[in-house]
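What follows is calculated from the coordinates using simple rules that are stated; it is not laboratory data. Computed from a predicted model, the values in this text were never measured in an experiment. Cβ: placed from backbone, ideal geometry, glycine included. Neighbour counts: every protein chain shown.
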Amino acid sequence: MDNINALILFVSLILLFCIAFSRFLTKAGIPVLVFFIFAGMIMGSDGVGGIYFDNAVVASTIGNFAICYILFAGGMATSWKSAKEVLAPGVLLSTVGVLITAVFVAVAAYFLVGLTWLQGLLLGAVVSCTDAASVFSILRSNNLNLKAPLAPLLELESGSNDPTAYMLTIAIISLMTAPDSGFLSFAMMFVVQFSVGGALGFAFGFAGAWVTNRIKLNSDGLYPVVAATIAALIYSAVQIMHGNGFLGIYVAGMVMGNVKLAHKVSLVRFFDGFSWLMQILVFVTLGLLVFPSQLPSVWLPAITISVMLMFVIRPAAVFLTLLPFKYPRNARLLISWVGLRGASSIVFASYALSNSLPNADVIFNMVFFISLTSVILQGSLLAPVASLLDQLDREDKTLVSRGFTDYEEELQGTLYELRAVKGSPAVGMEVQEMKFPESVRIMLISRGSGTLTPTGKTRIKEGDMLMVTAENTGVLLALKERLGLA
């Protein structure tokens, strides 16, 4: 029992340190989730923790469970009003773009690394999807407002390309384990999985909203439990009915996030926090699954593919996919740069391990290396690249960059962010002392790496980011001037 308690204490201290250090990582533009991979490696068998873990089946199961809720939360946070304007290019990037990326990576892996065609295709399928959580944590932490319609396009692409990458990965693994399978059967599987997954996602999303709106509970705290249970039911039901569960849960989340929903604000906040917990869980688990002593043997081929992916393959896929659309060259270049690989790629790579495929450990370690270098390099340079390409909206710096729908039906007016800078009269004041007009309301305060819901007694600190709603821009500008807010 003492050993278990010591292990829990050790793990808790490591995770708390990671969370505390997250503020410095986000300032550098690096998603804090990268640190949790290192935490898993430190706690693993090659690290000081000595926790031996090599069960790829368990890791992939945990990964699937986590991705389910990450996609559901991403769907709830997607504004349909913004998404429908970029629906065609977003869907093409998340389908055709994924296929082009996978094929190009396979070619590079065959000629430059020496993998077989099928192994190269598997590697390409696994790294063909982008990581929504990493992209938008960087955008929000740096308060970046991208020019329209880049933000909703990137949100839609990164939130909806996991199903395609998943299907492609499963198809290639099936081909490697059952080589007699025909191309026609795989094509039919794609059609069935996507059509069934999309249709059931819409149907179950409306059904989930109907249940949530009509169920009467004695405690408000039970509504997030109901919603989480509904999400699990939707994913499992879609899978059982031979649909794509990842697509179904994302579509269902989008439906529930864009219709009138009881306790919508608290539900979106809950799933925002819960998706963070899921991301931490999957990154720590995958960090445990990695054996750092094996990484030096793959660093050169992994770096080769990573560089090709960042500077050649992803741009080629984006430019080819967006040929029918009139996006400026610089916008296409930024979309190309925002191609971060993350948790989904590593989870899909664990499928190769769990199926004991040839060179599975090499592919997994390469994907781990590719994802890590992608997030660190592309993530840290995202803000400078966006500025260099002149893709930042500098006319309204207060406008919230994220497209969350949590307040859309409960509030009138537009959502803005105001910062309490050094020397601002607002610093040190309580909210009630700021004398906000009735048309302006503070909804959240972002402080450090966390958020809080303010009361009249909440005291403003230097660096606080106030999320407010305002019906009249003139009133907001007068308020900013009076309180010295940026």
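Numerical summary
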{"read-out": "Other-chain or far-sequence residues with amide H under 5 Å of M443's (modelled H)", "value": "M467, V468, T469"}
{"read-out": "For S345, net neighbour charge (Lys/Arg +1, Asp/Glu -1) across residues whose Cβ lies under 11 Å away", "value": "-1"}
{"read-out": "Separation in nanometres of the label points that stand 7 Å from Cα toward Cβ, at L277 and S12", "value": "1.6"}
{"read-out": "Three-way shape call for segment 220-321 based on the alpha-carbon gyration tensor, with the a/c threshold at 1.5", "value": "prolate"}
{"read-out": "Ordering of 226-236, 154-164 by packing [mean C-beta count within 10 Å, highest first]", "value": "154-164, 226-236"}
{"read-out": "Global form of segment 302-397, assessed from the alpha-carbon gyration tensor, a/c cut-off 1.5", "value": "prolate"}
{"read-out": "Theoretical gain in end-to-end length, A187 to V96 [0.36 nm per residue, Cα-Cα removed]", "value": "31.3 nm"}
{"read-out": "Environment charge of V318, counting only residues whose C-beta is closer than 12 Å and scoring Lys/Arg +1, Asp/Glu -1", "value": "+2"}
{"read-out": "Extended-chain gain in nm, criterion 0.36 nm per residue less alpha-carbon gap, S174 and K216", "value": "10.6 nm"}
{"read-out": "Separation of the N355 and L323 label points, Cα + 7 Å toward Cβ, nm", "value": "3.1"}
